[in-house]
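To start, the structure under review is shown below, and the notes come after it.
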Amino acid sequence: MTDRPGGDAKKIHDLALEIITEKQPVRVWPLLMQRLTADLPCDLAVLVDLDWDAGTGHALTGAPDWLYEAPLDALIHAHMRSHPLLRHYAHTRDMTPLSMDEVADDRWWKGEGYRAGKDAIGIDRQLALPLSAGPGRIRSVIMSRSGLGFSDRDLEYAALARSLLDTVEAHEAAVITGTGPGDPAEHKITPRELAVLTLLCDGLTARAIGTRLTITPSTVSKHTENIYRKLGVRDRISALRKAHSLGLVRPDQPAARTAAVLRSSTLAQASEGSGGQLPSVG
């Protein structure tokens, strides 16, 4: 990064100002991904949320826009445990931004994980900003640029940005606190789409959602596309934030909430399949 003295502080100040003045919380994380790629600069930035113990995870949002069409979740599922940065944070719970060059050895650069990421999305030199997460989970922004490694100056900027990013969710929670229950019908969201949305909020994969709802993963993907379109969003994290802000789902009591929504979805499906008549019970 080449910049005048004090440039990093000015960029962080501007970033913080955008966060606290953004009236729509759903836009904060996509905005952050765009700013990070421009400020560092780097070729791409992805926010990932991983369940390390289960070996699963998701790319929640990212920049630039073409990443929405990239097989990010497939790359995560196949290679997260061999990724040196993710493995470092899983084993140490370190919260210091690090570059791939600081933790990787020749096995990574010559390995399948590196080749798969480079071939699929051009990911090369990487820098990670670890964020606060619960036990057994990893939440991080992964940034990449081609060829040129990250300098000490880049790491200094990353450290400033990391401390700011950890405040984002608290800011979002404060903005949406007090939102009353929303009406899915107002947004043309069907009972089955609400069930999918609720399970997305619980962190389930498309395959797991399909198993829970007895539908195929491709049907889950179609419902998800419809949800994104109706909510006016483009990725999972934006959908979850928008759903919370509209009161369509609540962050508290996920198990009870999910059970109630699934019962509603099942009854609605049964009604549709019986000409509008609900099945008798008892």
- Note on the structure: Output for Cβ contacts, cut-off 8 Å, separation at least six or different chains, first residue more than 14 Å from T198 (Cα to Cα) and touching a residue at least 24 places away in the same chain (Cβ under 8 Å) in the stretch 221-232, second open to solvent by 70 Å² or more (accessible area, probe 1.4 Å) and outside any helix (DSSP H, G or I), reads K230/K188
- Query: Could you list, in sequence order, the residues of the stretch 134-150 that are in contact with a Ser or Thr (Cβ under 9 Å, 6 or more places away or on another chain) and surrounded by fewer than 18 Cβ atoms within 10 Å (Cβ to Cβ)?
  - Reply: G149
- Mind counting the residues in the stretch 62-93 that are more than 18 Å from K118 (Cβ to Cβ), of a type outside the set (S, T, N, Q) and over 17 Å from the mean Cα position of the chain (by Cα)? 7
- Note on the structure: Restricted to the stretch 58-82 and to residues being of a type in the set (S, T, Y) and open to solvent by 20 Å² or more (accessible area, probe 1.4 Å), the residue nearest to V103 (Cα to Cα) is S82
- In the stretch 217-238, how many residues are of a type in the set (S, T, Y) and in contact with a Pro (Cβ under 9 Å, 6 or more places away or on another chain)? 1
- Note on the structure: The number of residues in the stretch 178-201 that are loosely packed, with under 15 Cβ neighbours inside 10 Å and not small (G, A, S) is 5
- Picking from L213, L165, which residue would you name as being under 21 Å from G57 (Cα atoms), within 15 Å of the chain's Cα centre (by Cα) and either at pLDDT 80 or above or of a type outside the set (K, R) (or both)? L165
- Could you grab me the full set of residues in the stretch 83-119 that are open to solvent by less than 50 Å² (accessible area, probe 1.4 Å) and over 24 Å from D166 (Cα atoms)? A104, W108, G111, G113, Y114, A116, G117
- Item | Considering residues of the stretch 120-132 that are closer than 17 Å to D73 by Cβ and not in a loop (DSSP other than H, G, I, E, B) only, the residue most open to solvent (accessible area, probe 1.4 Å) | A120
- Message: If I filter the stretch 30-51 down to residues being over 15 Å from the mean Cα position of the chain (by Cα) and open to solvent by 20 Å² or more (accessible area, probe 1.4 Å), which single residue comes out as farthest from S146 (Cα to Cα)?
- Response: R35
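The values are calculated or read from the model by the stated rules, or taken from the named source; none is laboratory data. The model shown is predicted, which means the values in this text are computed figures rather than measured ones. With ideal geometry, Cβ positions are generated from the backbone for all residues, glycine too; neighbour counts draw on all protein chains shown. Please note that ligands, DNA and RNA were not included when accessible areas were found on the heavy atoms of the full protein model with its side chains. Shrake-Rupley method; radii C 1.70, N 1.55, O 1.52, S 1.80 Å.
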